[in-house]
1. Which residues, counting only those in segment 63-119, are loosely packed, with under 12 Cβ neighbours inside 10 Å, of a type in the set (S, T, N, Q) and at pLDDT 90 or above?
2. Looking at segment 182-201 only, could you name the residues that are within 10 Å of the chain's Cα centre (by Cα), in contact (Cβ under 8 Å) with a residue 60 or more places away in the chain and assigned to a loop (DSSP other than H, G, I, E, B)?
3. For segment 97-109, does any single residue satisfy the condition of being within 30 Å of the chain's Cα centre (by Cα) and over 30 Å from Tyr162 (Cα atoms)?
4. Check off (1) open to solvent by 30 Å² or more (accessible area, probe 1.4 Å); (2) within 18 Å of Ser65 (Cα to Cα) for Ile13 and give me the number that stays unchecked.
5. So, of the residues in segment 79-96 that are among the charged types (D, E, K, R) and in contact (Cβ under 8 Å) with a residue 40 or more places away in the chain, which turns out to be nearest to Leu177 (Cα to Cα)?
6. Please verify whether segment 28-42 includes one or more residues that are in a helix (DSSP H, G or I), open to solvent by 40 Å² or more (accessible area, probe 1.4 Å) and of a type outside the set (D, E, K, R).
7. Any residue at all in segment 184-199 that is within 30 Å of Val55 (Cβ to Cβ), modelled with pLDDT under 75 and loosely packed, with under 13 Cβ neighbours inside 10 Å?
8. Kindly evaluate Leu214 against the criterion of being closer than 21 Å to Arg32 by Cα, under 10 Å from the mean Cα position of the chain (by Cα) and open to solvent by less than 50 Å² (accessible area, probe 1.4 Å).
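The values are calculated or read from the model by the stated rules, or taken from the named source; none is laboratory data. What you see is a predicted model, and the numbers here were worked out from it, not measured in a lab. Heads up, the Cβs are rebuilt from the backbone with ideal geometry, glycines too, and the neighbour counts pull from every protein chain shown. Accessible surface is based on the protein model in full, side chains and every heavy atom, while ligands, DNA and RNA are left aside. Shrake-Rupley method; radii C 1.70, N 1.55, O 1.52, S 1.80 Å.
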Amino acid sequence: MIIGREGEQKMPINDRTVSRQHLEVTPLQDGRYKIRNIGKNGTFVNGVMIDECIVSADTELRLGSTFKASLHQLMTGKPAPARTDISHLKGIYERYSKDKAELRKAQMRVTYYRYLATGLMVLCGALGYITREYDNFKSIRTIAILLFVPIGIVLIIYTTLYQKRLVKEQPDKENSLVNKFKTDYVCPKCKKFLGDQPYEGIVQQGRCPYCYTLWKKE
């Protein structure tokens, strides 16, 4: 599309500082546009003169000395659509990340205590073997065995029971967590799931990847 005083845009331009053919616009597959200045008085994006640039439909352009409008206005003759607020998605993603981390910690806790129990048993065995011929260490050996062996046994019983509980409950918790996330972490307009990418990545995209609804800038 060519935009200018004699261009193909819907919005009329009468500003004499805008060339008859001032701007060339090429739509891209991701919903954005490539613009190329072909006017003698320049095209400006965010106050900077450009030769060629990638912009979104709601980007405000200045053509020539004074004429200002968004690309959407120029192409359709209508004001740019209102942006959609997605700030609530930040809390949803943070809660999901926190709950997922807690599920991982539960499994790591079992592994940690199991290694600890095994280490205590090995320590007692090694201590008994090393000091078996030394009567002076008999009391130390006895105290270590009386202290560490019961602790090791308790930890083994605890981890075994806790592991059984995790095996039974964790898949359901994980499925529930993921399903809720997929239900809540959606575009407010088209209600499609926005994927596992962090909230900051969603904001950086600037729009819904499905319906191209524009996000409200923070």
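1. Thr66, Ser87
2. Here is the first cut: in segment 182-201, the ones within 10 Å of the chain's Cα centre (by Cα) are 194-201.
Adding the requirement that they be in contact (Cβ under 8 Å) with a residue 60 or more places away in the chain leaves 194, 198-199.
Those that are within 10 Å of the chain's Cα centre (by Cα), in contact (Cβ under 8 Å) with a residue 60 or more places away in the chain and assigned to a loop (DSSP other than H, G, I, E, B): Leu194, Pro198.
3. As a first pass, look at segment 97-109 and keep what is within 30 Å of the chain's Cα centre (by Cα): 97-109.
If we keep only those that are over 30 Å from Tyr162 (Cα atoms) as well, we get none.
The answer is no; no qualifying residue exists.
4. In the conditions (1) open to solvent by 30 Å² or more (accessible area, probe 1.4 Å); (2) within 18 Å of Ser65 (Cα to Cα), Ile13 misses (1) alone.
5. Step one: filter segment 79-96 for residues among the charged types (D, E, K, R), giving 83, 85, 90, 94-95.
Adding the requirement that they be in contact (Cβ under 8 Å) with a residue 40 or more places away in the chain leaves 83, 85, 90, 94.
Working: Arg83: 29, Asp85: 24, Lys90: 16, Glu94: 13 Å.
Here the answer is Glu94.
6. Our first condition is that a residue be in a helix (DSSP H, G or I); within segment 28-42, this holds for none.
Checked against the condition, which is being in a helix (DSSP H, G or I), open to solvent by 40 Å² or more (accessible area, probe 1.4 Å) and of a type outside the set (D, E, K, R), segment 28-42 yields no hits at all.
7. no
8. Working: closer than 21 Å to Arg32 by Cα: yes; under 10 Å from the mean Cα position of the chain (by Cα): no; open to solvent by less than 50 Å² (accessible area, probe 1.4 Å): yes.
No.
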